[in-house]
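Engineer: Would you mind keeping the following structure in view while I ask a few things?
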Amino acid sequence: MTSIPPEPGAAEPPGQDQSVGRLLSAVTSDLQTLFRQEVELAKTEIREEAARAGKAAGMYGGAGFAGYMVLLFLSLAAVLGLANVMDGGWAALIVTAVWAIVAAVLYQKGRARMRTVSPKPERTVATLKENAEWARHPTR
């Protein structure tokens, strides 16, 4: 059997050896396309998740407002209940003092927790330093 040489400009049949340059070019092109598609997929997923998170945050906001209203009317009910056994002004002052104590305790706890927060990402800084050291001396 004789083999027929391919026409110039025709695609090489599969199984024939292609040049390394063509293969690398094809791989590079495929990798670029894959990378672009992955980035686009990530952007789309982030947008969808952000939209869901926004809706959830709106619901949290609504729940917070509803909770505030509950506490407001509960406080009003406490004032009116205490007003049955004492003067209304003293009843309002007692309920206000209770809320002031709650606010002070929450403030102190929040302040203590805020002091433990570090604004600098310690682990990231450490790994960046390690990476920079390795880049300077990769054989060590």
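Engineer: Compute the long axis of helix 88-115 from its Cα atoms, compare it with the longest principal axis of the Cα atoms of the chain, and write down the angle in degrees, 0 to 90, nearest 10.
Structural biologist: With rounding to tens, the tilt is 30 degrees.
Engineer: Next up: Could you give the dipole magnitude of the chain about its Cα centre, charging the beta-carbon of Lys and Arg +1 and that of Asp and Glu -1, in debye to the nearest 20?
Structural biologist: In debye, rounded to 20, the chain gives about 980.
Engineer: Suppose only helical runs count, i.e. DSSP H with n ≥ 4. What mean residue ellipticity at 222 nm does that imply for the chain under -39500 (n - 2.57) per run, divided by all residues and rounded to the nearest 500 deg cm²/dmol?
Structural biologist: -28000 deg cm²/dmol
Engineer: Just to be sure I understand: with springs between alpha-carbon atoms less than 10 Å apart, which residue in Leu82, Leu31, Leu128 has the highest mean-square fluctuation in the Gaussian network model of the chain?
Structural biologist: Looking only at Leu82, Leu31, Leu128, the largest GNM fluctuation is found for Leu128.
Engineer: How tilted is helix 20-83 with respect to the longest principal axis of the chain? Cα atoms for both, answer in degrees (0 to 90, nearest 10).
Structural biologist: The angle comes out at about 10 degrees.
Engineer: Another question about this same structure. On each of the three principal axes of the Cα atoms of the chain, give max minus min coordinate, whole Å, ordered largest first.
Structural biologist: Cα spread of the chain along its principal axes, largest to smallest: 115, 42, 20 Å.
Engineer: Something else: Only four residue types carry charge here, +1 at the Cβ of Lys and Arg and -1 at the Cβ of Asp and Glu. Report the dipole size of the range 49-126 about the Cα centre in Debye, rounded to the nearest 20. Each step should come with its number before you reach the end.
Structural biologist: On the way: 8 positive and 3 negative charges, 107 e Å.
It works out to roughly 520 debye.
Values quoted throughout were computed directly from the atomic coordinates according to the rules given, and no laboratory measurement underlies them. The structure displayed is predicted, hence computed values, not measured ones. Neighbour counts run over all protein chains shown; Cβ positions are idealised from the backbone, glycine included.
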